[in-house]
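Student: Pasting a structure below so you can have a look.
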Amino acid sequence: MTTPTVLVEHPAEHVLFDGALTCDVVLPARVEAGARVVMQASSEALLKGLAVAEDMRGDDPDERKEATPTQQRIEAKLDLVLSLLGRLARRHEGAPPPTALRWSHRGMRLDATSPTACVEGAPGVVVVQPAAWLSDQIELPVVVLAQVEGSQGLHHLWLQFDALNAGLAEAMDRHLFRLHRRQIAEARQSQSTRL
């Protein structure tokens with residue numbers, strides 16, 4: 001997974017990320033303008049299920065447990081089935097494009113390659129595929145803080161989470177912590193291979 005390299009200075013950057021645990025990731029994501037009812041319980045359930053699956057998989061290299069060959073085969077078969085289901089789902093509904101994100105518990109910045117129809121101060125919904133290996137998506141209600149055309153053809157969009165229920169907020173915090181921990185482990189591993 002590559003991380004975005006764009007540095008952005010904007011007041012919204014400080015509102016969303018100062019003093020907060022942040023993750024810079026590239027994940028399929030899109031923003032849908034306008035207010036609508038978001039089924040937060042399904043997003044919460046997906047993030048909680050993802051936490052259990054990833055904790056059991058041992059994706060973090062620092063905490064990887066040795067699996068038996070049988071467990072490895074079952075895990076590989078499950079990954080193939082999930083990948084197939086994901087491809088089938090993407091055929092029927094448009095999957096969001098891979099997008100550079102900066103994500104905290106307060107909101108996110110999307111670095112999109114095309115402008116959006118969002119208006120500052122307007123409500124919306126951000127749809128994110130929280131894990132590269134799972135083609136399901138979460139929906140998070142947001143308010144658009146700002147939108148700026150940046151360099152390299154990118155359009156920066158700052159979104160503040162709006163009225164997240166406590167369960168979804170906690171599940172998202174746990175997910176962000178796992179992403180952050182994985183980034184640190186990958187950086188350490190990359191650094192050790194360069195030495």
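The values are calculated or read from the model by the stated rules, or taken from the named source; none is laboratory data. If you're wondering where the values come from, they're calculated on a predicted model, not measured in any experiment. Here Cβ is always computed from backbone atoms with ideal geometry, including for glycine, and neighbour counts include all displayed protein chains. Side chains are part of the model used for accessible areas, which takes the heavy atoms of the whole protein and leaves out ligands, DNA and RNA. Shrake-Rupley method; radii C 1.70, N 1.55, O 1.52, S 1.80 Å.
Student: Take the residues of the range 154-181 that are of a type outside the set (A, V, I, L, M, F, W, C), closer than 26 Å to residue 112 by Cβ and under 13 Å from the mean Cα position of the chain (by Cα): which is surrounded by the fewest Cβ atoms within 10 Å (Cβ to Cβ)?
Tutor: Ranking the candidates gives 173 first.
Student: Is it the case, given these coordinates, that residue 9 is of a type in the set (Asp, Glu), loosely packed, with under 11 Cβ neighbours inside 10 Å and either at pLDDT 75 or above or within 14 Å of the chain's Cα centre (by Cα) (or both)?
Tutor: Yes.
Student: Can you name the residue in the range 129-139 that is modelled with pLDDT of 90 or more and in contact with a helix residue (DSSP H, G or I) (Cβ under 7 Å, 6 or more places away or on another chain) and, of all such residues, is surrounded by the fewest Cβ atoms within 10 Å (Cβ to Cβ)?
Tutor: Top of the filtered list is 139.
Student: Separate question: Count, please, the residues in the range 137-169 that happen to be in contact with a Phe, Trp or Tyr (Cβ under 7 Å, 6 or more places away or on another chain) and of a type in the set (Val, Ile, Thr).
Tutor: 1
Student: In the range 98-121, what residues are open to solvent by 20 Å² or more (accessible area, probe 1.4 Å) and of a type in the set (Val, Ile, Thr)?
Tutor: 113, 116, 119, listed by residue number.
Student: Right, next: Considering only the range 140-150, state which residues are farther than 15 Å from residue 16 by Cβ and open to solvent by 30 Å² or more (accessible area, probe 1.4 Å).
Tutor: The one that is farther than 15 Å from residue 16 by Cβ and open to solvent by 30 Å² or more (accessible area, probe 1.4 Å): 149.
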